[in-house]
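What follows is a single structure, written as structure tokens, with notes after it.
We did not get these values from a lab; they are worked out from the coordinates using the rules stated. All values derive from a computational prediction rather than experimental measurement. When we count neighbours, we look across all protein chains shown, and the Cβ atoms used for this are built from the backbone with ideal geometry, even at glycine.
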Ligand SMILES: NC(=O)c1ccc[n+]([C@@H]2O[C@H](COP(=O)([O-])OP(=O)(O)OC[C@H]3O[C@@H](n4cnc5c(N)ncnc54)[C@H](OP(=O)(O)O)[C@@H]3O)[C@@H](O)[C@H]2O)c1
């Protein structure tokens, strides 16, 4: 396959954690990768880890809390590659756990924008392009917070529950079209999103690479295999008895 025939994957939040691991996996699988987040140094480190030099890797600096960011990201990708085959809506954000009444409006809006509005907009735009191309895959990274609704995570849980509902609806709407939509729902993953906490045993959390492998398997599976949702819990409970 020549370089220009290689499929293209957009990975949001590719600078660290699950996004970086997913970018590395997809590069290993032969994808050209578009790496999106806000921090250039982290994206450069991810690019180096993929072994893909420009133009087989593209860095796009975006703040997905901004309303125009999804369309800018898609346009930038299409300007360079002229196609998008995979979208991994992975970027996510939450402040340290705190009660709803102590959550600022700015944090509330950022959580909803990054975890829900941006993935919806990116899915809407990318799906249109994938339908024209005749196929593709969209993987949304939610969280078990969206299933369990834990205290002190109300807005984050609402955003992730919304992303799960949105993904299921997109699966229903796009089934049979050649565009896969799947939502991956991890429990605790050992990344910078989870601050140090003496009540958590990090060695029992999922590794970001485990989530990345699951994402890649869904993408690589034959068209007729598309888990609508995949819940990934660590096999051992990271929560220490109090
Ligand atoms: N870690 C867990 O236990 C866990 C569990 C379940 C689900 N998840 C979900 O998994 C996904 C990845 O999380 P992670 O644990 O890998 O977190 P992480 O290590 O903190 O990485 C988050 C990535 O998202 C990017 N990001 C954050 N805000 C952004 C914004 N406004 N615009 C663009 N990019 C932004 C970050 O880059 P910049 O800061 O440079 O922008 C970073 O690259 C998230 O959706 C998260 O909700 C995580």
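At a glance:
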{"quantity": "Stretchable slack from residue 99 to residue 131, in nm (0.36 nm times residue separation minus alpha-carbon distance)", "calculated": "7.3 nm"}
{"quantity": "The chain - share of DSSP beta bridges that are antiparallel (%, nearest 5)", "calculated": "5"}
{"quantity": "Length released on extending from residue 109 to residue 221, taking residue separation times 0.36 nm less the Cα-Cα span", "calculated": "36.7 nm"}
{"quantity": "Cut-off 17 Å (backbone N to label point 7 Å along Cα→Cβ of residue 124), residues of segment 154-188", "calculated": "162-171, 173-174"}
{"quantity": "Spacing of the two label points (7 Å from each Cα toward its C-beta) at residue 201 and residue 5, in nm", "calculated": "5.0"}
{"quantity": "Helix-only CD estimate at 222 nm, as mean residue ellipticity for the chain, using -39500 (n - 2.57) per DSSP H run (n ≥ 4)", "calculated": "-12500 deg cm²/dmol"}
{"quantity": "Average silhouette area of segment 3-232, convex hull of alpha-carbon atoms, in square nanometres", "calculated": "11.9"}
{"quantity": "Sites residue 177 and residue 239 - FRET efficiency at Förster radius 45 Å, r taken between beta-carbons, to 0.05", "calculated": "0.65"}
{"quantity": "Most mobile of 189, 101, 231 in a GNM of the chain (Cα contacts under 10 Å)", "calculated": "101"}
{"quantity": "Segment 103-133-segment 172-242 distance, computed between alpha-carbon centres (Å)", "calculated": "19"}
